[in-house]
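Data first, discussion second: the structure below is written as structure tokens.
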Ligand SMILES: Cc1cc2nc3c(=O)[nH]c(=O)nc-3n(C[C@H](O)[C@H](O)[C@H](O)COP(=O)(O)OP(=O)(O)OC[C@H]3O[C@@H](n4cnc5c(N)ncnc54)[C@H](O)[C@@H]3O)c2cc1C
């Protein structure tokens, strides 16, 4: 089975993994990140998250039970 490794677990990495699945890739996908947090969307950090109107869950790019 083929394996594709994506380095960087932010929006580009997550969207790349999703695009590979949409395109029919059914091998192993390994997403290598360098952060303690699950992948999150950065723009709200300086907007809604900073203002306190959304919490961590709302800015996550994946859910715990998401299968990519
Ligand atoms: C506070 C803030 C507000 C922003 N607001 C806006 C906005 O309003 N509009 C807008 O268009 N853009 C905004 N941006 C920019 C936007 O978030 C970025 O353009 C976007 O996050 C880029 O996504 P990316 O996946 O390419 O890179 P990044 O989000 O930078 O992710 C790269 C990931 O790769 C990981 N990484 C790097 N090197 C390695 C390594 N060697 N091994 C493993 N992992 C590695 C990093 O830890 C990181 O998780 C904002 C950014 C910030 C920080």
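Each value in this text was obtained by applying a stated rule to the coordinates, not by laboratory testing. As the structure is a prediction and not an experimental result, all values here were calculated from the model. Using ideal geometry, Cβ is built from the backbone for each residue, glycine included, and neighbour counts are taken over all protein chains shown.
Here are some notes:
- For 64, 56, order by how many other beta-carbon atoms lie within 10 Å, fewest first: 64, 56
- The angle separating the long axis of helix 11-22 from the principal Cα axis of greatest extent in the chain is about 40 degrees.
- Zero-based 5 Å bins, Cα pair distances in the chain, whole percents: 4, 16, 24, 23, 15, 10, 5, 3, 1, 0
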